[in-house]
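Heads up, the thing below is written out as structure tokens.
The values are calculated or read from the model by the stated rules, or taken from the named source; none is laboratory data. What you see is a predicted model; the values in this text were computed from it and never measured. Neighbour counts run over all protein chains shown; Cβ positions are idealised from the backbone, glycine included. These accessible areas exclude ligands, DNA and RNA; they are computed on the full protein's heavy atoms, side chains included. Shrake-Rupley method; radii C 1.70, N 1.55, O 1.52, S 1.80 Å.
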Amino acid sequence: MAGARKASPLLRTVQAFAVIAVICAVTGDITINTVDPWREFTQMLRGAATPDFTATEDLLHALLLTVAFALLGVALGALGGFGLALAFHYRIVRAGCATLRAVHELFWALIFLQLFGLSPLTGLLAIAIPYAGIFAKVYAEILEEADPRPLQALPAGTGRISAFLFVRLPDAWHQFATYTLYRLECGLRSSAILGFVGLPTLGFHLESAFSQGKYSEVSALLILFYIVIATIRWWLRKPLLPVWLVGAVAVLPWTAGLAPGSVARFFTHDIVSYPLRSGEGWAGMGDWLSLVLVDQALPGVVATLQLTMVALVATGLLTMLFFPLISPLLLGRPARGVGHVFLVVVRSTPEYILAFILLQLWGPSMLPAIVALALHNGAIIGHLIGRFTEGIELRPDAPRGFDRYAWEVVPRIYRHMLALLFYRWEVILRETAILGMLGIATLGFYIDSAFADLRFDRALLLIAVTALLNLAVDAASRAIRARLRLQTGLRGR
């Protein structure tokens, strides 16, 4: 009975999220709006089976630019995050880092496009700034959780800088390197989708090929992207890292699109609210705020939360289907090999690109976004849980088949799965917001429309609303995990 009482808060929480997701699904726009989705799907399958690596001009150059933006953006983010991690114990630093990572890379890119045009600075800062906030949090947590015993063994009088450089940093270095490599994989995905706002990465060519129905070209671009991510541990060797960084600096088009004169105008005119810059003064602020917050931010927030909650629960369901694909407790080696390939492909494809593909099939509604978010995040968590099961030992007389899955494995991984799911809740919300740029009526739809209409004052206010919403969900996630005592056991994912 005591065990049942302890489990009840967890059960009630899961039930509450499931009920909320059902309500959001019923009230949301989940429809198929295309006339003949199967015809389009058939053409996509035909293109996937016949990749054309010669269709895209400068394909190698686009791939190099994608890698270059990712390498330099992540390197800058890691350096900035390391410096911020050393001061992370200050509340103002923690709040600043949370704000930086609450704004998606694509929103940062839209802001910097107004300052620097299509120059490399736009792409590098769009990746580096939010990543610095992420690195700061994770690096600080790694340092805090480091073994304190080596510090206790230091002789009296050892300086703080010496203790950090020669004891704490070497002890945490392996975890730093492991997490930074993982973050580089994320940076490659971020770099690719920056092409959807005009930067010359793979996303730019993907959007062009999709719009023209050249699915063989799309297939070739995605295959190359998967190969780059799948082989990252081979080509990114430590001795070659300086060579790659120098090469990344050399390959970027530093003379392209730089518009220094627009920087001053942006800060002194463009982002000033319309009533203030038009002469209406504070008297017109009420109507302006009502227009932005009530007519745009409010419906955008509602749609963003609806989509997020459905995608979150769908991610949990898909995780339960995906983790057995690579679990040695449930499948043999050949089947796990196929499962690994499947999960690598799905989790390596950015949600934005997955949603873009599904929009071609089903038309603009929440359905493509929900499926894209659930597939991508379900593959990520499914991979982590599948790896987690490698350390589980079962009794020799444990049942086989579905009984082993349901009664032996699931009870052992369920809390870890929920911890990871709540950990990625805020990530799913961030992605939900930017999917509005594809025409789904989340906050990103209104932000993208404001940028398209050159109403930068509205855009920045809506981005601020997005950041506050992300911070609120992040706080709720941490509170739920603390209340239910959920531990991921998998730092940094």
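Brief remarks on what is shown
- Restricting region 441-462 to residues that are of a type in the set (A, V, I, L, M) and open to solvent by 10 Å² or more (accessible area, probe 1.4 Å), the residue that is nearest to N377 (Cα to Cα): A441
- Among the conditions (1) of a type in the set (S, T, N, Q); (2) open to solvent by less than 10 Å² (accessible area, probe 1.4 Å); (3) not in a helix (DSSP H, G or I), the only one that T34 does not satisfy is (2).
- Checking each residue in region 419-440 for being open to solvent by less than 20 Å² (accessible area, probe 1.4 Å) and assigned to a loop (DSSP other than H, G, I, E, B) picks out R424, I440.
- Residues (in a helix (DSSP H, G or I) and surrounded by fewer than 14 Cβ atoms within 10 Å (Cβ to Cβ)) located in region 224-238: I227, R233, W234, W235, K238
- When we screen I385, I370 for residues that are touching a Phe, Trp or Tyr at 6+ places or on another chain (Cβ under 6 Å), β-branched (V, I, T) and in a helix (DSSP H, G or I), the only hit is I385.
- Listed by first and then second residue, the pairs linking a residue in region 379-391 that is within 15 Å of V313 (Cα to Cα) to a residue that is among the hydroxyl-bearing types (S, T, Y) and in a helix (DSSP H, G or I), with Cβ atoms under 6 Å apart and 6 or more places separating them unless they lie on different chains, are I381/T319; G382/T319.
Here is a yes/no grid of residues against (1) modelled with pLDDT of 85 or more; (2) polar (S, T, N, Q):
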site	(1), (2)
R149	no, no
P155	no, no
V167	no, no
T178	yes, yes
Q212	no, yes
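- Filter result (farther than 30 Å from L307 by Cβ, open to solvent by 30 Å² or more (accessible area, probe 1.4 Å) and assigned to a helix (DSSP H, G or I)) within region 388-403: E390, G391, G401, F402, D403
- Of the residues making up region 241-288, those that are modelled with pLDDT under 85 and of a type in the set (S, T, N, Q) are T255, S262, T268, S278.
- Residue that is least open to solvent (accessible area, probe 1.4 Å) [pool: residues in region 328-369 that are touching a helix residue (DSSP H, G or I) at 6+ places or on another chain (Cβ under 6 Å) and of a type in the set (D, E, K, R)]: E351
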